[in-house]
Amino acid sequence: MTYTLEGTTGPWEVVIGLEVHAQVTSQAKLFSGAATAFGAEPNSQVSFVDAGFPGMLPVINAECIAQAVRTGLGLNAEIHLWSRFDRKNYFYADLPQGYQISQYAHPIVGQGAVEVTLADGSTKTIGITRLHLEQDAGKSLHDQHPTKSYIDLNRSGVALMEIVSEPDMRSPEEAGAYLAKLRQIMRYLGTCDGNMDEGSMRADVNVSVRRAGEGYRTRCEVKNVNSIRFVMQAVEAEARRQIEVWESGGTVEQETRLFDTARGVTRSMRSKEDAHDYRYFPDPDLPPLVLEQGWVDQLKAGLPELPDQRRARYAALGLSAYDAQVLTAERETAAFFEEVAHGRDAKAAANWVTGDYFAALNRLKRTVTDSPVSAKHLGELLDLMADGTLSGKLAKEVFEAMLEADEAPGAIVEKRGLRQVTDSSAIEAVVDEVLAKNADKVADYRSGKDKLFGFFVGQTMKAMAGKGNPALVNEVLKRRLA
Amino acid sequence: MMRPTDLTIAQALDALDRREVSAVELATAFLDAIERLNPRLNAYITVTAEQALETAKASDARRAKGEAGKLDGIPLGIKDLFCTEGTRTTAGSNILDGFVPPYESTVSANLKRDGAVFLGKLNLDEFAMGSSNQTSAFGPVENPWSRANDPAKRLVPGGSSGGSAAAVAARLAMGATATDTGGSIRQPAAFCGIAGIKPTYGRCSRWGIVAFASSLDQAGPVARTVEDNAILLASMAGFDPRDSTSADLPVPDFRAAVGRGVKGLRIGVPEEYRIPGMAPEIEALWQQGLDWLRAEGAEIVPISLPHTKYALPTYYVVAPAEASSNLARYDGVRYGLREDGRDLKDLYERTRARGFGAEVRRRVMIGTYVLSAGYYDAYYLKAQKVRALIRRDFEQAWEKVDAIVTPATPSAAFAMDEKQDDPVTMYLNDVFTVTANLAGLPGLAVPAGLDAQGLPLGLQVIGRAFDEETVFAVGGAIERAAGFAAKPGIMA
């Protein structure tokens, strides 16, 4: 079903393309040795290069290049062995050099594609136009003093990847799913931490609307949207605004807009006429970046398993599509699951992790990264069920005990005497006792009241304080009642 | 014993070794000369007398312990485009008002490492933009030479390294650092009757040198002899991981190459350098130089560098384009001059209007224009294409010759009140020198004779990339044959 927005004159399609700025995970900046940690004292992570001092020169940080290549490989994209850094010239107080070093004409990564899964289970491929490296600017603080602005250059020179998509998305959901997928891939790769609230990832959202079957109409760019939810809201708000303009006989002007998250509307930032002339030209301080295919191959060989591959592998293990999706959503969750499932029945492991374990995390407001139960102990719990030491019911009881103190389930079983009874003679003795006490019901059962079987099971388990092996209890009862 | 200020660097190193002179005596002699003559010549912007005497003292102590470096005790001047830690660095501009770098440029640090004594910071055209040293915010430098028929007429020393060349010629420094973006080492060296080499692009690190045009800028020395240039360059050069355009190559023994001779070398003579209206004296000197080399066993080969005539316009697109971007950082926000304004834009406009002189503003405007949307292809991109053709011209020439010899400048030094009305006339000074910058090749200016007014004239030797040794060999041969011994009128 095509997503459309209803105007007064009929339905409109929405066309969306995203430019995502993702901060490269690295110890040092793109062209200087200064550190990149988030939340440091203002201007404490600034080299003379980052501050644009006279005679200072940029030197490419090889790790940032490797991270961009890894990301490109993760996006199934073409890696350009020859790329170049250009200068984007403009004046601003937090841009110390008076230009940003970026890759305008020759990006390091070319066309690629990612597949997103939508809520209805369908998938869609979103094209990647390019990925290029660039430096971030510093930060202007206008609210610290009534008449002065303050500048923090900690971010100045930090490496960013700009990932540009094709205008392939057609709904807020698709835009959100695409952004989430990019974030997921980069977190798997360890190339961007994806922390949108710390500014590690932000998106410029290009939106236009059109009638079904039409070519593209003029688009507007909504700048610097910093959460997946806001991206989805901004798409709809901007699309509705444009529909109103077109339907009232106006023309949408190409311009840059901002999303007002409080009011849920976009506001004009600058029009095409005010657009900067950035006077791009190749940075003469940096020779072209030339990569060797062998080095790229090496990076490729060292890539971790990506979410799509991992999901496929889980499906092959017999996991449901839902479980595979949920378990691969975060790299950390998948790692936890893998440890639980290692050498064990994958489906049983998946059931426990997505079932009781996730429920416990929700209840305790914890995450996999600060898990109350270690994967090792959860795995041992599965072993105790597999070898018959614990019934499913007993296992849940042991699990609750594990949540309180992450102890080995074996120790809990011993301490609390929760081991299930698998000695058939012991079970037979209890069953005989139960049947003797309920002779009337035995008679009813034998005369056809089959439903009473459950009653006998319940009575037996009660008498055994829940420790009877359910299969054995059933078996003995069937035999005795036959 | 010669007067200390008359010693060449080679002679001074020997004299220091033999304890005939001390570093302190050398420094004192030069500081005295500076005190006497600098008020007239204005070659130094900043004199670091105290620091010079201290380092000279330390140098003598090192030598006494047998730990002297390659240049220990040699008093040098530093062009004020090199950042010097703790010493004001101006780039000849008001915009860097009060700027004291917290770091030392790689080239000057290399000289310090080898024991050189710094006398002070030398005057230059503002941001190295000029051919007469008249665009400096610290006033013009005067050429220590003057015309025989009009000795009162004050002449320019050339530019942009005018302070460096004038100081060395007048014996206010034994040698000096300089930079060359379009001829800024070779033209002032020729105007002042000394030698200077712009090495291959990438030979010296640009780290810590205030940038003019990054793809063209290259540091080099000026000194009275070719051998002294070889000694200085050996200390200045070398790979620097902090400059991505610096060449990771070993530094050869330049000094050994100076006396190597030219026997069997093929010397190219580009027909395109015979420009209309060239002074007959220049033309005669050029021929004379070629005759000397032939007499020494070189083969003279006519060659063609067909795109030469486009070199100057190409240069005046590429250099201002890069400069317009390189100078954007001087915005009054973090260091240097700040003129407060109503808002950020006003602050920029006031600061840059007051901080930059007319020539810098002109080039920033030209550079901004040629990079602008709609003009980029016609100017900047076209210039890059022509630059590639100029480079190819040379590559083809190297199949036939080992070095190229041309005049260094189209004329001798001109007077301070000449060529002021039209910037293009001024730009013509670079006509013989810009090609080496555009192609990244080494170029050496050697004093070879005097014109009718007794002013020095120089020849230029251009060599293959990273083959400064052949350039020094040819330059050394010209120097020996010319026996240039004339001295400027103003001299310590």
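A few notes on this one:
- Matching residues, the stretch A:16-29, being closer than 30 Å to residue A:207 by Cβ and either free of Cβ contacts under 8 Å to residues at least 24 places away in the same chain or part of a loop (DSSP other than H, G, I, E, B) (or both): A:24, A:25
- The stretch A:263-297, residues that are at the interface with another protein chain (Cβ under 8 Å from one of its Cβ atoms) and either open to solvent by 90 Å² or more (accessible area, probe 1.4 Å) or not in a loop (DSSP other than H, G, I, E, B) (or both): A:281
- Selection status of residue A:373, open to solvent by less than 40 Å² (accessible area, probe 1.4 Å), part of a helix (DSSP H, G or I), outside the structural domain of residue A:71 (by TED's automatic domain parsing) and of a type in the set (Val, Ile, Thr): no
- Those helices (runs of 4 or more DSSP H) of the stretch A:421-475 in which 3 or more residues are of a type in the set (Val, Ile, Thr) and open to solvent by 40 Å² or more (accessible area, probe 1.4 Å) are absent.
- Every listed requirement among (1) of a type outside the set (A, V, I, L, M, F, W, C); (2) part of a strand (DSSP E or B); (3) crowded, with 21+ Cβ neighbours inside 10 Å is met by residue A:204 save one, (3).
- Answer residue from the stretch B:324-350, given it is away from chain A (no Cβ under 11 Å) and part of a helix (DSSP H, G or I) and is most open to solvent (accessible area, probe 1.4 Å) among those: B:350
- Within the option set B:58, B:91, being open to solvent by 40 Å² or more (accessible area, probe 1.4 Å) and either hydrophobic (A, V, I, L, M, F, W, C) or not in a loop (DSSP other than H, G, I, E, B) (or both) holds for one residue only, B:58.
- Whichever residue in the stretch B:67-88 is surrounded by fewer than 23 Cβ atoms within 10 Å (Cβ to Cβ) and within 13 Å of chain A (Cβ to nearest Cβ) and, among such residues, is nearest to residue B:134 (Cα to Cα): B:88
- Boolean, residue A:311 is basic (Lys, Arg), touching a Ser or Thr at 6+ places or on another chain (Cβ under 7 Å) and open to solvent by 40 Å² or more (accessible area, probe 1.4 Å): yes
- Only a single item in (1) assigned to a loop (DSSP other than H, G, I, E, B); (2) open to solvent by 10 Å² or more (accessible area, probe 1.4 Å) is not met by residue B:401, and it is number (2).
- Whether a residue is closer than 18 Å to residue B:68 by Cα and either open to solvent by 20 Å² or more (accessible area, probe 1.4 Å) or of a type outside the set (A, V, I, L, M) (or both) was assessed, and residue B:11 passes this test.
- Of all residues in the stretch B:365-392 being surrounded by 20 or more Cβ atoms within 10 Å (Cβ to Cβ) and under 14 Å from residue B:439 (Cβ atoms), the one that is farthest from the other protein chains (Cβ to nearest Cβ): B:390
- Test for residue B:364: is it on the phi < 0 side of the Ramachandran plot, modelled with pLDDT of 95 or more, in contact with a helix residue (DSSP H, G or I) (Cβ under 8 Å, 6 or more places away or on another chain) and not in a helix (DSSP H, G or I): no
- Candidates B:351, B:314, B:368, B:308, filtered to the one that is touching a residue at least 24 places away in the same chain (Cβ under 8 Å) and within 25 Å of residue B:87 (Cβ to Cβ): B:351
- Exclusive hit being under 17 Å from residue B:193 (Cβ atoms), open to solvent by less than 30 Å² (accessible area, probe 1.4 Å) and in a helix (DSSP H, G or I), set B:475, B:449, B:458, B:454: B:475
- Only listed residue being away from chain A (no Cβ under 14 Å) and crowded, with 24+ Cβ neighbours inside 10 Å, chosen from B:219, B:237: B:237
- Residues of the stretch A:214-240 satisfying the condition of being over 15 Å from residue A:171 (Cα atoms), of a type in the set (Val, Ile, Thr) and surrounded by 18 or more Cβ atoms within 10 Å (Cβ to Cβ): A:222, A:225
- Checking B:112, B:121 one by one, the residue that is basic (Lys, Arg) and either crowded, with 22+ Cβ neighbours inside 10 Å or within 14 Å of chain A (Cβ to nearest Cβ) (or both) is B:121 and no other.
- Single unsatisfied condition, residue A:455 versus (1) in contact with a Lys or Arg (Cβ under 7 Å, 6 or more places away or on another chain); (2) closer than 26 Å to residue A:345 by Cβ: (2)
- Residue within the stretch B:309-323 that is open to solvent by 40 Å² or more (accessible area, probe 1.4 Å), on the phi < 0 side of the Ramachandran plot and among the hydrophobic types (A, V, I, L, M, F, W, C) present: no
- Meets criteria (at pLDDT below 95, farther than 24 Å from residue A:308 by Cα and either away from every other protein chain (no Cβ under 14 Å) or part of a loop (DSSP other than H, G, I, E, B) (or both)) for residue A:38: yes
- When residue B:203 is tested against the conditions (1) more than 14 Å from chain A (Cβ to nearest Cβ); (2) charged (D, E, K, R); (3) surrounded by fewer than 24 Cβ atoms within 10 Å (Cβ to Cβ), the lone failure is (3).
- Elements of the type strands (runs of 3 or more DSSP E) sitting completely within the stretch A:58-163 and holding at least 1 residues that are open to solvent by less than 10 Å² (accessible area, probe 1.4 Å), in contact (Cβ under 8 Å) with a residue 12 or more places away in the chain and more than 14 Å from every other protein chain (Cβ to nearest Cβ): these cover A:112-117, A:123-135.
- Residue selection: residue B:102 fails the criterion of being without any contact (Cβ under 8 Å) to a residue 12 or more places away in the chain and either open to solvent by 10 Å² or more (accessible area, probe 1.4 Å) or in a helix (DSSP H, G or I) (or both).
The values are calculated or read from the model by the stated rules, or taken from the named source; none is laboratory data. Note that the structure is a prediction, hence the values are computed from the model and not measured. Note that each Cβ is placed from the backbone with ideal geometry, even for glycine, and that neighbours are counted across all protein chains shown. Remember, those area values only see protein heavy atoms, side chains included, never the ligands or the DNA or RNA. Shrake-Rupley method; radii C 1.70, N 1.55, O 1.52, S 1.80 Å.
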